[in-house]
Amino acid sequence: MGILAPGVQIKITDFETREELPIGKTGNVVVKSPAGIRKYWNKPKETKENIVNGWIYSGDIGRLGEDGLIYYYGRKRDVIKVSGYTLAPREVEVLGLQTPAIEKIAVVGLPHPKKGEIPKAFIELKPSSTATEAELVQWFKENIAAYKVPLVEIRDSLPISNKGEVLKRKLKDEELAKQET
């Protein structure tokens, strides 16, 4: 995400205990800022749950780096629970974009009978790429923890919103519909 704006304070806390975590640990991004927060206006329940002593518990997953930068991994509601481990899809997406083969990538969590959920990456290759699904799975195996390695499906194109974002919900719904048949 970058560096803090003047007047903004940030800390990273455990999602359950709300205890502050040391630099380098991933958790809930908690912010204190002089700026107003319209999304909580006239919403006492949400305000009580998410604002404590002026600190806003955002529900965003991130960490503070030794370099002073803030690293963002996505929203807590978007995490994938794999065999008890928590996986932020954004982490796999950022890693995947480091390969010369991938143009676009979207990672979603799919139900799994033993693991709870598993990650699946929908990938659009760069025009010059001839990478296969098996090659990409192998690349992930070599570059990320085993529980984070996604199933891979290469598509000619990914569904995009008017804002240019990949429509992950549509991809997940399509996949769930396949599993029901």
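The values are calculated or read from the model by the stated rules, or taken from the named source; none is laboratory data. The shown structure was predicted, so the numbers you read here are calculated from the model rather than taken from an experiment. Glycine also receives a Cβ, built like all others from the backbone with ideal geometry; neighbour counts cover every protein chain displayed.
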Can you name the number of the only condition in (1) surrounded by 14 or more Cβ atoms within 10 Å (Cβ to Cβ); (2) under 17 Å from the mean Cα position of the chain (by Cα) that residue 84 fails?
(1)
Please go through region 124-170 and give me each residue that is part of a strand (DSSP E or B) and in contact with a Pro (Cβ under 9 Å, 6 or more places away or on another chain), ordered by number.
151, 166
Qualifying positions in region 87-103 - among the polar types (S, T, N, Q) and loosely packed, with under 14 Cβ neighbours inside 10 Å:
98
The number of residues in region 139-181 that are of a type in the set (Lys, Arg), touching a residue at least 60 places away in the same chain (Cβ under 8 Å) and either surrounded by fewer than 16 Cβ atoms within 10 Å (Cβ to Cβ) or touching a Lys or Arg at 6+ places or on another chain (Cβ under 9 Å) (or both) is 1
When only residues in region 71-90 that are touching a Phe, Trp or Tyr at 6+ places or on another chain (Cβ under 6 Å) and in a strand (DSSP E or B) count, which is modelled with the highest pLDDT?
82
